[in-house]
Structures are given as structure tokens and as C-alpha cells.
Amino acid sequence: MLASLLAACAAGPSQSRASRAEARQAFVEWTDADYRYRVGAGDELSLNFLINPDMNARLVVGPDGRVVLPLAGPIKVSGLTAEELNATLTRSYSSVLRNPQVEALVTTYGSSQIYVGGEVRLPGVHQIKGDLNAAQAVMLAGGFQETARTGKVVVLRQRVGDRKLAMRVVDVADMINEADNSQNFPLLPGDLIFVPRSGIAEVDLFVAQYITGVLPFSRNFNVNRGDGVIN
């Protein structure tokens, strides 16, 4: 199901209207909030107190999304952005400190990996460190296959609140040429990058599987897709 939806989302004008409508219903609109990292289980947090540095601590987010704060007790932090986390910490410590000035930083990500699939040379799970965009993720996965549709790279991200998939289609060539800086956004742990096949590759696969292997035709014949002839 996921593969068919990815194909529908990344397909060209020849894709059926029904398939494109199915894809639009399956994925929610990509928003600015989807660019921001949210705390998850296994993350290590560094708590820094400006006025009370003796309370500085390192905490690991548990499988239930909670941490146990010194003096303030357990609170749930998974799913929070950096700003939301700091606001939550300030509220929690306001009952035990007169002027709680505390800041938390994610020092280690519990799940620092992305998933790259489709027409790349090394599909699978890849570890990431620091900022990484879609073009760099493709390079991390060994680069494009010759059959890749480089202008329709799909980035999928699961939103924390409703756990729905947000989708963005990226033109890697534009990114490399800096033609569109809006596509140069950082990937986050857990993102899935999918590189679909080119239209020509789909035709070649069809020819190899359903024509060359069954009918007594030469591989050098012409195939007309309606938008031009492919040799």
C-alpha cells in the first residue's frame, strides 16, 4: 500500500486522477512545524540551570516518554519541541525554585537514523549526524541509480501529534544548483526518503517483463508512450 501511494505521489502527468486523489488523502500537508525536531524516547537531555548550576543534570527519556527531574519529579517530554520543552521545565520548577532559569538541550538522539529506499545504490537504514538534506541523504545511500527520477524525490515524515505522514516532493537537481532554497531543509531522525523510477525505466521494465520475454520481438523496437517515442 505504501509503495503504491509513493508511486502515485511522485508520478508524472500520466498518472490517473484516482491514484493522485488517493495519495492526497493518505498524506497530510507539509507545514513549517514538520521541520522542527521533537523529543523522543532514548534521547539524552542536558539540563542547565543558570542560577543553580549545581542542579545541572543529564537525563535519558524513557520508553514512556518521561524523565525524572531532580526535585521536581517525573514529567512527560516526548513530542515536545525545544521551546515547548523549556517552557514545560520552567513550569515544573516554578513550585520548587523562586526564579527557575533552566534550559534543556538534546545531546544525543535516541534514534539518529533515516530510511532511504527506491532507486538508490544502497537502500536501507542509514545513520545521520548533524544536518543532512535530501540530496546528501541520496549520496549517503550511494547515489542515484540510472533509473531514478531525480526531480521527484519523496520525503515522508511522521508527525508526533496525530502520527499521520506528511509528504514533500523534492527536486534534487534544483537543490544542487541552488535554484530553490526552500527545498534545502534538514532531515530529522525517522524520515523516509523514497526515490521513484523514471518514466523510461518503467517502460524498459515493462518491455523486459511482458514483451521481450514472451513475444518474438527485438529489444531494438520503438515504444510509443503517447508523449514521444522511446528507442
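The values are calculated or read from the model by the stated rules, or taken from the named source; none is laboratory data. What you see is a predicted model, and the numbers here were worked out from it, not measured in a lab. So basically every Cβ, Gly included, is an ideal-geometry build from the backbone, and we count neighbours across all protein chains shown.
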Residue, nearest to the chain's Cα centre (by Cα), within the range 121-140, restricted to residues that are under 22 Å from N177 (Cβ atoms) and hydrophobic (A, V, I, L, M, F, W, C) = A134
ask   = From the residues in the range 56-89 that are in contact with a Pro (Cβ under 6 Å, 6 or more places away or on another chain) and aliphatic (A, V, I, L, M), which one is surrounded by the most Cβ atoms within 10 Å (Cβ to Cβ)?
value = A57
inquiry  = Taking the criterion of being surrounded by fewer than 17 Cβ atoms within 10 Å (Cβ to Cβ) and within 25 Å of G190 (Cα to Cα), would at least one residue in the range 90-100 satisfy it?
reply    = no
message = So L192 passes all but one of these: (1) surrounded by fewer than 16 Cβ atoms within 10 Å (Cβ to Cβ); (2) within 24 Å of T31 (Cβ to Cβ); (3) modelled with pLDDT of 70 or more. Which condition number does it fail?
response = (1)
inquiry  = I'd like to check something: does the range 145-159 contain any residue that is part of a loop (DSSP other than H, G, I, E, B), over 26 Å from S182 (Cβ atoms), out of contact with any Cys (no Cβ under 7 Å at 6 or more places or on another chain) and among the acidic types (D, E)?
reply    = yes
ask   = Among (1) at pLDDT 60 or above; (2) over 13 Å from V138 (Cβ atoms), where does D204 come up short?
value = (1)
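Filter the range 151-189 down to the residues that are β-branched (V, I, T) and within 25 Å of K129 (Cβ to Cβ), then identify the one that is surrounded by the most Cβ atoms within 10 Å (Cβ to Cβ).
So in the range 151-189, the residues β-branched (V, I, T) come out as 153-155, 160, 169-170, 172, 176.
Next, only the ones that are within 25 Å of K129 (Cβ to Cβ) stay: 153-155, 160, 170, 172, 176.
Values: V153: 29, V154: 24, V155: 23, V160: 15, V170: 24, V172: 23, I176: 11.
Going through the qualifying residues, I end up with V153.
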Candidate set from the range 103-116 (those that are crowded, with 19+ Cβ neighbours inside 10 Å and closer than 20 Å to Q183 by Cα); member that is farthest from the chain's Cα centre (by Cα) = V116
remark   = Apart from one, (1) at pLDDT 90 or above; (2) within 26 Å of L187 (Cα to Cα); (3) crowded, with 18+ Cβ neighbours inside 10 Å all hold for R38; the odd one out is (1)
message = Condition (residue is in contact with a helix residue (DSSP H, G or I) (Cβ under 7 Å, 6 or more places away or on another chain), part of a strand (DSSP E or B) and not assigned by TED's automatic domain parsing to the domain that holds D162) applied to the range 62-69: is it met by at least one residue?
response = yes
key: Whichever residue in the range 123-143 is of a type outside the set (V, I, T) and part of a strand (DSSP E or B) and, among such residues, is surrounded by the most Cβ atoms within 10 Å (Cβ to Cβ)   = H126
